[in-house]
Structure formats: C-alpha cells, structure tokens
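What follows is a short report on a single structure.
Values quoted throughout were computed directly from the atomic coordinates according to the rules given, and no laboratory measurement underlies them. Because the structure is predicted, anything quoted here is derived from the model rather than measured.
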Amino acid sequence: MKALLTFSLNNYALLVLTAAGAVLTFVVLRIKKRYINEGVLFRQLPAAEHEVQREKMRFDNHIGLEIALRKFHELGLEDGDLGYAYWHEVGQLLKQAVGMQSRIHELSKELEQCRARLGKAD
C-alpha cells in the first residue's frame with residue numbers, strides 16, 4: 001500500500017486524474033439526480049422555481065463537499081502520512097473544482113443579465 005501511495009505522490013498526473021474522476025462522478029450523479037430523478041429534463045419549470053432549485057443545489061453541493069472532505073480526511077488518517085498527503089491533495093483539488101463551479105454560476109447569471117439588457121436595447 002505504501003509503495004502505491006509513494007508512486008502516486010511522485011506522479012502528480014495520477015492525483016489530478018483521480019480528483020478529476022471524483023469531480024466528474026459527483027457531477028454525473030448530480031446531473032442524474034436533477035435531470036432524470038427529479039424530472040426536470042422532461043418538464044419545464046417556471047423561471048422562479050429554477051432559481052430556487054439552483055440555490056438548493058448550491059446548498060446541497062456545499063453539504064456534499066463537506067461530507068467528501070470529511071471522508072477524505074478519514075481515509076488519510078487510515079493510510080498514514082503518505083495517504084494523508086494524497087487525500088489532502090485530492091480534497092484541495094475538489095475544493096478548487098467547487099470554486100470554479102461557483103464562478104461559472106456567477107458568470108452565467110451575469111451573462112443572463114447582459115442578454116436581458118441587449119434584448120431591451122433592441
């Protein structure tokens with residue numbers, strides 16, 4: 001186990017790929033929940049409900065992030081020093097991904113406002 005952790009810590013690409021895989025897994029599960037389980041894909045919601053659901057999703061993501069980080073911490077404690085360093089790095093990458101997702105959300109809102117202004121100008 002230590003040899004595997006040493007190898008993965010020496011190969012930064014493995015850390016990035018693992019974190020990207022974890023982020024993609026969370027995204028796919030969230031998309032599945034939102035668009036298939038909740039039926040958003042097959043029925044249109046009013047704009048106000050979309051905003052309420054976006055806020056709920058942001059809150060759910062925050063809770064999910066806390067749970068994931070706590071689990072990474074537990075895994076790191078179980079694996080010793082190298083395992084802790086590995087899972088800490090994975091947690092940091094996950095935090096960065098969530099920060100980027102928040103920034104994308106902010107930019108989407110700003111884009112909607114710009115489009116609305118352009119629509120009024122025409």
What are the ³J(HN,Hα) couplings of region 66-73, residue after residue, when phi is run through the Karplus curve with 6.51, -1.76, 1.60 and θ = phi - 60°? Round to Hz, x for glycine and proline. 4, 5, 4, 5, 4, 5, 4, 4
Cross-link candidates for residue 95: which lysines have Cα within less than 30 Å, leaving aside residues fewer than 8 places away along the same chain? 2, 32, 33, 56, 71, 109
